[in-house]
1. With a cap of 13 neighbouring Cβ atoms within 10 Å, and only residues DSSP puts in a loop, list the chymotrypsin sites (Phe, Trp or Tyr not before Pro) found in the stretch 75-127.
2. Less than 20 Å from a label point 7 Å out along the Cα-to-Cβ axis of ASP11: which backbone N atoms in the stretch 166-192 qualify, by residue?
3. Test of understanding: in a Gaussian network model of the chain with alpha carbons linked when under 10 Å, which of ALA29, ALA21, ALA239 would top the mean-square fluctuation ranking?
4. Give, in nm to one decimal, the length gained when the segment between LYS182 and ARG167 is fully stretched (0.36 nm per residue of separation minus the Cα-Cα distance).
5. How about LYS201: which aspartates and glutamates have a C-alpha closer than 14 Å to its C-alpha, ignoring those fewer than 8 places off in the same chain?
6. For the stretch 176-281, what does the alpha-carbon gyration tensor say about shape, rounded, prolate or oblate, given a ≥ b ≥ c as the root eigenvalues, a/c under 1.5 as rounded, and a/b over b/c as prolate?
7. Rounded if a/c is under 1.5, else prolate if a/b beats b/c, else oblate: with a ≥ b ≥ c from the C-alpha gyration tensor eigenvalues square-rooted, which is the chain?
8. So what's the net charge close to ASP11: Lys and Arg +1, Asp and Glu -1, counting the other residues with Cβ under 15 Å from its Cβ?
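All of the numbers you see were taken from the coordinates with simple rules; none came from a lab. Since this is a predicted model, take the numbers as computed values, not measurements. Quick reminder, even Gly has a Cβ in these numbers, built from the backbone with ideal geometry, and neighbours come from all protein chains shown.
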Amino acid sequence: MASGRITLKNDADVAGIREAAAVVERALATAASLIEPGVDTLRLDQAAEEIIRDAGGRPAFKGYRMGGDTSPFPGSLCISVNDVVVHGFPSEEPLREGDIVSVDCGVELGGYFGDFAYTFAVGEIAPETQELLDATRDSLYEGISQAYAGNRVGDIGHAVQTYCEARGYGIVRDLVGHGVGKNLHEPPNVPNIGRKGVGKKLKAGLTICIEPMINGGTGDVTVDGDGWTVRTADGAPSAHFEHMVLVQRGQPEILSSYDKIEAALATVRGDTPVSADTVAL
C-alpha cells in the first residue's frame, strides 16, 4: 500500500495531524447520528462531506486513485456493509435492521491527513455479530499497546493476530494499516499479522494507522468488478476499526478519538457513553 522513505514527525506536524483527525471525528460522529434502519448510505456520505468542507478540509478519499485501471473513488466515505470489508461505495441502498456498517473517513486539512474508521450496529444485531465487533475493537487496542519506540511492526501485527485467532476469527491479510501524516498513505505498512521482533523498527515521531479488518469466517477476500469493493470470500460479516497513533518512547498516543462518535451513539440510544480512548493502555 505504501512505499518510499519513512518520515518522522515533529511537534508542528503532529499538531496538524491532530487537527485533521478532529475533522474526521466530527464527520464520523455526524454519520453515527444518522445511522438507523431505512437510511441510505449516500445520505451519510453527503452529511460527512458537508462537515469536512465547512471545516476547510478536503475529503481525502473522493477522487482517490489506487492505480492501474481502477476508477477514482466516488465518495467522501468508504461505507462497507455486512460482508464488505472495506472500500464500499456510498449508495441509495437503505440500511436494514441487523446490519453492521463500517465507515472509514479521510480528510486533508492544511497539508495534513486524518484517517480512521468505526463499525456501527444498525438497530439490534445478532449476539455473535456484536462479539465480532467487540473483538475487532479490542484487538485494535491490543495492537496500539505495542506501538512504542524500540518495538517493531511485527509486534503490532502479532498482538492483533493472536487476540483474534484465539477467538476463532479470520484476519484479512491482503490489506494493511499504514503510515499517515503529510500523505494519506505513507510507509511503513502495518499488517494485522506478524511475529514478535520482526519488521521495521518503530521510532519516536512515527505516525501510523492501525486498522484490524476481522472476519466472522475465514480471512479470505474477493474484490468486486468495480476494483474497489472488498468482500469476505465466504459471505461472513466483517468488522473494521482504525486509529491514528503517534509512536513515542513509552506509551503510544492515540491522535484520533472516538469520543464524539460515542457521544452521538449515546444520544441516539439515550444513554451515557464510555469511550475506550480514555482507558489507559
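1. On the way: sites: TYR112, PHE113, PHE116, TYR118, PHE120; in loops: none.
Here no chymotrypsin sites (Phe, Trp or Tyr not before Pro) fit, given the DSSP loop and packing criteria.
2. 182
3. Greatest mean-square fluctuation among the candidates belongs to ALA29.
4. 1.8 nm
5. ASP155
6. Numbers: a/c = 1.82, a/b = 1.02, b/c = 1.78.
Judged from the Cα gyration tensor, the stretch 176-281 comes out oblate (a/c at least 1.5, b/c at or above a/b).
7. Details: a/c = 1.33, a/b = 1.18, b/c = 1.13.
In terms of gyration-tensor shape, rounded.
8. Working: positive: LYS9, ARG18, LYS182, ARG249; negative: ASP13, GLU19, GLU253.
Neighbourhood net charge equals +1.
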